[in-house]
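The values are calculated or read from the model by the stated rules, or taken from the named source; none is laboratory data. Since this is a predicted model, take the numbers as computed values, not measurements. When we count neighbours, we look across all protein chains shown, and the Cβ atoms used for this are built from the backbone with ideal geometry, even at glycine. All accessible areas refer to the heavy atoms of the entire protein, side chains included, with ligands and DNA or RNA removed. Shrake-Rupley method; radii C 1.70, N 1.55, O 1.52, S 1.80 Å.
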Amino acid sequence: MPETPLRVLSVIPPMTQLNTPYPSTADLTGFLRSRGVDAVQEDLALALVLRLFSRDGLVEIRSRIEATPERQRSPRVQAFLAQFERYRTTIAPAVAFLQGRDPTLAHRICSRSFLPEGSRFESLDVYIDPEGGDPLAWAFGALGLEDRARHLATLYLNDVADVLREAVDPRFEFVRYAESLAQSQASFEPLAAALAEPLNLVDETLRALTLAAIARHAPQVVLLSIPFPGAVYGAFRIAQAIKARDPRIVTVLGGGFVNTELRELKEPRVFDYFDYVTLDDGERPILALLDHLQGGRGRSRLVRTFFRDAEGDKGKNGEVRYVNLGEADIAFAEVGTPTWDGLPLDRYLSVLDMLNPMHRLWSDGRWNKLTVAHGCYWKKCSFCDVSLDYISRYDGASAKTLVDRIEAIIAETGQTGFHFVDEAAPPKALKALAQELLDRGVAISWWGNIRFEKSFTPELCRLLAESGCIAVSGGLEVASDRLLQLMKKGVSVDQVARVTNAFTEAGILVHAYLMYGFPTQTVQDTVDALEYVRQLFESGCIQSGFFHRFACTVHSPVGQDPDAFGVKLVPLPPITFAKNDVRFIDPTGVDHDTLGVALNKALYNYMHGIGLEQDVRSWFADRVPRTRVPRNFIARALR
Ligand code: SF4
């Protein structure tokens, strides 16, 4: 293809996650290099945090605060100023500690006299040792000195982030940034208005980092992959800086947010920032685009790509066009091996926010992210985006190919921890993968999402553990056989009990995704679901969980056929920008917000082994009915 070789820079925009690179640029860079493209990558999310949370960054924050009238400074900001010298001296060591570069600092951090302590440290008061001892020792006892220090250093960083939010940019958060400007925003207007605002310190820092990356790599094409709404604003600011510096650099937008929310994009102003917007897996659309940019094909022969007609051209009016030549996607077996080359792997921050053991895996430690198969083999759950490519197009690769990729990644990164990022890794493929790892003597640790389906027999769970599986997560959703059927989840509560028990017996940590507020869910269903969850914790089947409030998306079976689920959708406004969540009216009229508070409180305690003997009604503020679930239901299912 190439006549003039193009350099392609893939960028992770802020914010995504701090402990490990988001996989999109590693996947794309690995793929493009396998096709002979000169591809490089940058993580500007990490770079932004490291710049702001440095000695110089804190000095900048202080000077912005000092430029505001004193009466406008919140108590938190005033406390920061009062302790500024301590913050300035400790920020670099605390960051180095969280990066794993200075582990012995744990002793000083745990002394509680090294780091200044702001309001985030008040959260430690929730840990109450029933015996009256040191609450942190009780909560972290089993985890040890380093983890205690990591949690304290994380609280410290969160304190500084609070100051940044209150004094500089109210939209700043570590894992999402200015999310509300993009999430299900029918109109581009709020984002356009924010992008027209003068740059604040966060914007200026991001702009400087962007221009430095452009100077370093001199790319002709920049790909911005946005996984979530909380990375949209940052991506647009990056594109804005690039276009202001050199409008000839071609900017391309893609990623999970685009694939779910921008499918009906009509807003021409998006193309003031991006020349192209691609949908679904990026590999094929980007190959077609690079071919176009090098004169190999016209624009009308692009693949799943939006662009804006040039205004004033004959018959063109500056409108958004979508073209899709319909070329087949690259097979999963052919996408190549991700590469992290160019990313500063020793600079990611292992933060320890919560004691939830599974959340710990997400935010702590650097995991190589890899996919076992493209899409979901089940693709039936009625709350899931089953109509979209990332779920519906199931495509696997042989165990040999996967282990080849694993070996190549270990050779590159020197790290053997893997997070399989599938929505639901297929049991057959996991079995073959485990066998191949064992046959080839490749020692790794891995964890990922699965469905709690019956093919995960005790024997298979033991094999997975032997191959390095340390944790699995899966959806129990609303623990109710009626609702599980309505959801087409393909599992029942007693089956989930047996499968999770098999994992636990094999020494694998089990996390359950739990849901509330599903259409037609009554108060009685909620009480019963909590009783099942209580028994699952009590029997040791699950060790971790999280309750999500059900959200209806336009791509899910509920959003596409609400009548079948007994709900009415609230009509959406005209869409020119993002479209995803849709509000609905459930005739049961249950106040799920209030119930959700009780569910989360109960779950938090169950994870600490507290309150398992209590009647589940005791967690609810209002009177709720007694559970209909027999008290030994799960114990019986296990027998
Ligand atoms: S919820 Fe999970 S198992 Fe169900 S269809 Fe979606 S990805 Fe597959």
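Would you mind finding the one in 248, 269 that is open to solvent by 40 Å² or more (accessible area, probe 1.4 Å) and closer than 21 Å to residue 183 by Cβ?
Values: 248 fails: closer than 21 Å to residue 183 by Cβ.
From the options 248, 269, the qualifying one is 269.
Which count do you get for residues in the range 449-475 that are of a type in the set (S, T, N, Q), within 16 Å of the ligand (Cβ to nearest atom) and open to solvent by 30 Å² or more (accessible area, probe 1.4 Å)? Walk me through it before giving the result.
First pass over the range 449-475, keeping only residues of a type in the set (S, T, N, Q): 449, 455, 457, 467, 473.
Retained after the next criterion (residues that are within 16 Å of the ligand (Cβ to nearest atom)): 449, 455, 473.
When the remaining residues are screened for being open to solvent by 30 Å² or more (accessible area, probe 1.4 Å), the result is 449, 455.
Residues in the range 449-475 being of a type in the set (S, T, N, Q), within 16 Å of the ligand (Cβ to nearest atom) and open to solvent by 30 Å² or more (accessible area, probe 1.4 Å): 2 in total.
Just the residues that are open to solvent by 60 Å² or more (accessible area, probe 1.4 Å) and within 16 Å of the ligand (Cβ to nearest atom), please, taken from the range 422-448. Even if it seems obvious, please write down each step before you answer.
Residues of the range 422-448 open to solvent by 60 Å² or more (accessible area, probe 1.4 Å): 423, 428, 431, 435, 438-441, 443.
Within the range 422-448, 423, 428 meet the criteria.
Within the set of pairs 6+ apart or on separate chains, which have a first residue in the range 476-496 that is closer than 14 Å to residue 535 by Cα and open to solvent by 30 Å² or more (accessible area, probe 1.4 Å), a second that is away from the ligand (no atom under 14 Å from the Cβ) and among the small types (Gly, Ala, Ser), and C-beta atoms under 7 Å apart?
Once the first residue is closer than 14 Å to residue 535 by Cα and open to solvent by 30 Å² or more (accessible area, probe 1.4 Å) and sits in the range 476-496, its partners that are away from the ligand (no atom under 14 Å from the Cβ) and among the small types (Gly, Ala, Ser) give 494/637.
Can you tell me which residues in the range 589-607 are surrounded by fewer than 13 Cβ atoms within 10 Å (Cβ to Cβ) and assigned to a loop (DSSP other than H, G, I, E, B)?
Correct list: 589, 591.
Could you check the range 568-584 and list, in sequence order, the residues that are of a type in the set (A, V, I, L, M) and either in a loop (DSSP other than H, G, I, E, B) or loosely packed, with under 13 Cβ neighbours inside 10 Å (or both)?
Within the range 568-584, the subset of a type in the set (A, V, I, L, M) is 569-570, 572, 575, 578, 582.
Hits for the range 568-584 are 570, 572, 575, 578, 582.
Given (1) within 16 Å of the ligand (Cβ to nearest atom); (2) open to solvent by less than 20 Å² (accessible area, probe 1.4 Å), identify the lone condition not met by residue 374.
The number of the failed condition is (2).
Hey, can you tell me all the residues within the range 608-639 that are surrounded by 13 or more Cβ atoms within 10 Å (Cβ to Cβ), among the small types (Gly, Ala, Ser) and outside any helix (DSSP H, G or I)?
Once the filter is applied, which keeps residues that are surrounded by 13 or more Cβ atoms within 10 Å (Cβ to Cβ), among the small types (Gly, Ala, Ser) and outside any helix (DSSP H, G or I), the range 608-639 yields only 611.
How many residues are open to solvent by 10 Å² or more (accessible area, probe 1.4 Å) and under 20 Å from residue 359 (Cβ atoms) when one looks only at the range 508-546?
8
Yes or no: residue 340 in contact with a His (Cβ under 6 Å, 6 or more places away or on another chain), away from the ligand (no atom under 16 Å from the Cβ), on the phi < 0 side of the Ramachandran plot and open to solvent by less than 40 Å² (accessible area, probe 1.4 Å)? First the steps, then the outcome.
Working: in contact with a His (Cβ under 6 Å, 6 or more places away or on another chain): no; away from the ligand (no atom under 16 Å from the Cβ): yes; on the phi < 0 side of the Ramachandran plot: yes; open to solvent by less than 40 Å² (accessible area, probe 1.4 Å): yes.
Answer is no for this residue.
Based on this model, can you work out whether residue 100 counts as more than 24 Å from the chain's Cα centre (by Cα), at positive phi, surrounded by fewer than 23 Cβ atoms within 10 Å (Cβ to Cβ) and not in a helix (DSSP H, G or I)?
On the way: more than 24 Å from the chain's Cα centre (by Cα): no; at positive phi: yes; surrounded by fewer than 23 Cβ atoms within 10 Å (Cβ to Cβ): yes; not in a helix (DSSP H, G or I): yes.
It is false that residue 100 is more than 24 Å from the chain's Cα centre (by Cα), at positive phi, surrounded by fewer than 23 Cβ atoms within 10 Å (Cβ to Cβ) and not in a helix (DSSP H, G or I).
Go through the range 328-436 and tell me which helices (runs of 4 or more DSSP H), entirely inside it, have 2 or more residues that are acidic (Asp, Glu).
Numbers: elements: 357-363, 389-392, 399-413.
Because the criterion is at least 2 residues that are acidic (Asp, Glu), the helices (runs of 4 or more DSSP H) in the range 328-436 that meet it are 399-413.
So which residues in the range 166-208 are touching a residue at least 60 places away in the same chain (Cβ under 8 Å), of a type in the set (Ser, Thr, Tyr) and either assigned to a helix (DSSP H, G or I) or surrounded by fewer than 15 Cβ atoms within 10 Å (Cβ to Cβ) (or both), if there are any at all?
If the condition is that a residue be touching a residue at least 60 places away in the same chain (Cβ under 8 Å), of a type in the set (Ser, Thr, Tyr) and either assigned to a helix (DSSP H, G or I) or surrounded by fewer than 15 Cβ atoms within 10 Å (Cβ to Cβ) (or both), then 187, 205 are the ones that fit.
If we scan the range 246-256, do we find a residue that is in a strand (DSSP E or B), closer than 17 Å to residue 9 by Cα, among the hydroxyl-bearing types (Ser, Thr, Tyr) and at pLDDT 95 or above? Reasoning before the result, please.
Within the range 246-256, the subset in a strand (DSSP E or B) is 250-254.
Still in the running and closer than 17 Å to residue 9 by Cα: 250-254.
Filter once more, so that each one left must be among the hydroxyl-bearing types (Ser, Thr, Tyr): 251.
Within this subset, residues satisfying the condition of being at pLDDT 95 or above are 251.
Looking for residues that are in a strand (DSSP E or B), closer than 17 Å to residue 9 by Cα, among the hydroxyl-bearing types (Ser, Thr, Tyr) and at pLDDT 95 or above, one finds at least one in the range 246-256, hence yes.
Criterion first (at pLDDT 95 or above, under 21 Å from residue 631 (Cα atoms) and within 15 Å of the ligand (Cβ to nearest atom)) does residue 496 satisfy it? Spell out how you get there, then give the answer.
Values: at pLDDT 95 or above: yes; under 21 Å from residue 631 (Cα atoms): yes; within 15 Å of the ligand (Cβ to nearest atom): yes.
Yes.
For residues that are crowded, with 20+ Cβ neighbours inside 10 Å and within 30 Å of residue 263 (Cα to Cα), scanning just the range 389-421, find the one that is nearest to the ligand (Cβ to nearest atom).
Per the stated criteria, the residue is 391.
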